[in-house]
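Let me begin by presenting the structure, written as structure tokens, before commenting on it.
The values are calculated or read from the model by the stated rules, or taken from the named source; none is laboratory data. Since we're looking at a predicted model, the values are computed, not measured. Virtual Cβ from ideal backbone geometry, glycine too; neighbours counted across all protein chains shown.
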Amino acid sequence: MRRSSIFILLIISCSHFINAQQDPMFTHYAFNTLAINPAYAGSRDALTITGLHRTQWVSFEGAPTTQTLTAHSPIIKENIGIGLSLLNDKIGPTNTSSLYLDFSYKIKINQRAKLSFGLKGGLNLQKTDLTSLNIKEINDPLFIEDIKSEILPNFGFGLYYYTDKYYVGISIPKLLENDFNENSVTASTNLASEKKHYFLIGGSVFKLSQSIVLKPTTFIKITNGAPIEADLTANFIILERFWAGIMYRTGDAFGAITGLNITDQLAVGYSFDFSIANTTVKYNGGSHEIMVRYDFIFKERKMIRSPRYF
């Protein structure tokens, strides 16, 4: 049996998972918060740019690869935040691209706590490159033409409550359940439809000693027709420079995460997680992520607040 046939069979066996949990997963979710919740925009009191690359299920042909680039900053006396989120997600021959603008408004609850309201709006495009597949029947009419959707709008909202010691947030990044099939610019209708996702995030920090801080975080995902999925992560931050920890994704994966604050402004991170799901564990060599984040300090500020945990 050809590798392309094996790939198609595996995709079919994983179809319930793919359809139910469409949005890309991130082990670095706590470092990529703007991609999850627009209310996070501007909360770091600097112009923050974060890039992330994820290669999922290594050695599994056609496995997902994802890239995100986010930028956000406070404006107008720091009460308002704006952001930009770019995403490129590829699985097999299907590629989804999106561009979103994020807006937040912050209310000061007390000297330590703030509540942020966030809105996001943007555009999505999906394309399936069927001509790239290595098929047995070269002239098969189902595979001679690529499928491309129209550029479809969507919008979402979020809430984010945070202090120096903990945070909690809830968001629905996409309120519209666009049907790419109905909005295909070609005659074929083999694209997917978007599903509404409900996200809950939370985290805290605990000082264990003068040099070690424990930072537990969680990311809970709820989608109609699928089990609730939760990411649980425990990071140990050493001397405010180096971090290392473990993660567990319910019913899916175990992993490890590590990183370094090279300077007060520049941070890099790496993670590896290994799938334990029955449908994929035999066919992949784990998933890798690389994260880079940089905080541009505004001229009027002499220094960035340190330490910065969220």
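Some observations on this one:
- Pair list, Cβ < 7 Å and 6+ apart or interchain, from region 89-111 residues that are more than 20 Å from G122 (Cα to Cα) and surrounded by fewer than 19 Cβ atoms within 10 Å (Cβ to Cβ) to residues that are of a type in the set (A, V, I, L, M) and at pLDDT 95 or above: I107/L115; I109/L115
- Taking every residue in region 271-288 that is at pLDDT 80 or above and pairing it with any residue that is polar (S, T, N, Q) and assigned to a strand (DSSP E or B), at least 6 positions away or on another chain, the pairs with Cβ-Cβ distances below 6 Å are D273/S287; H288/T55.
- Unmet requirement for G42, which otherwise passes all of (1) under 21 Å from K174 (Cα atoms); (2) not basic (K, R); (3) not in a loop (DSSP other than H, G, I, E, B): (3)
- Of residues in region 73-88 being over 22 Å from the mean Cα position of the chain (by Cα) and aliphatic (A, V, I, L, M), the one surrounded by the most Cβ atoms within 10 Å (Cβ to Cβ): I80
Rundown of residues vs (1) in a strand (DSSP E or B); (2) touching an Asp or Glu at 6+ places or on another chain (Cβ under 6 Å); (3) within 17 Å of I290 (Cβ to Cβ), yes/no style:
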{"site": "K221", "(1), (2), (3)": "yes, yes, no"}
{"site": "G225", "(1), (2), (3)": "no, no, no"}
{"site": "E240", "(1), (2), (3)": "no, no, no"}
{"site": "W243", "(1), (2), (3)": "yes, no, yes"}
{"site": "G255", "(1), (2), (3)": "yes, yes, yes"}
{"site": "L260", "(1), (2), (3)": "yes, no, yes"}
{"site": "T263", "(1), (2), (3)": "no, no, no"}
{"site": "G269", "(1), (2), (3)": "yes, no, yes"}
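- Residues that are at pLDDT 95 or above, of a type in the set (G, A, S) and surrounded by 15 or more Cβ atoms within 10 Å (Cβ to Cβ) within region 235-254 comprise just one, G245.
- Per the listing K195, K174, K148, K215, the residue uniquely assigned to a strand (DSSP E or B), at pLDDT below 95 and crowded, with 16+ Cβ neighbours inside 10 Å is K148.
- For region 206-226, a residue qualifies if it is touching a residue at least 40 places away in the same chain (Cβ under 8 Å) and under 22 Å from the mean Cα position of the chain (by Cα), and the qualifying residues are K215, T217, F219, K221, T223, G225, A226.
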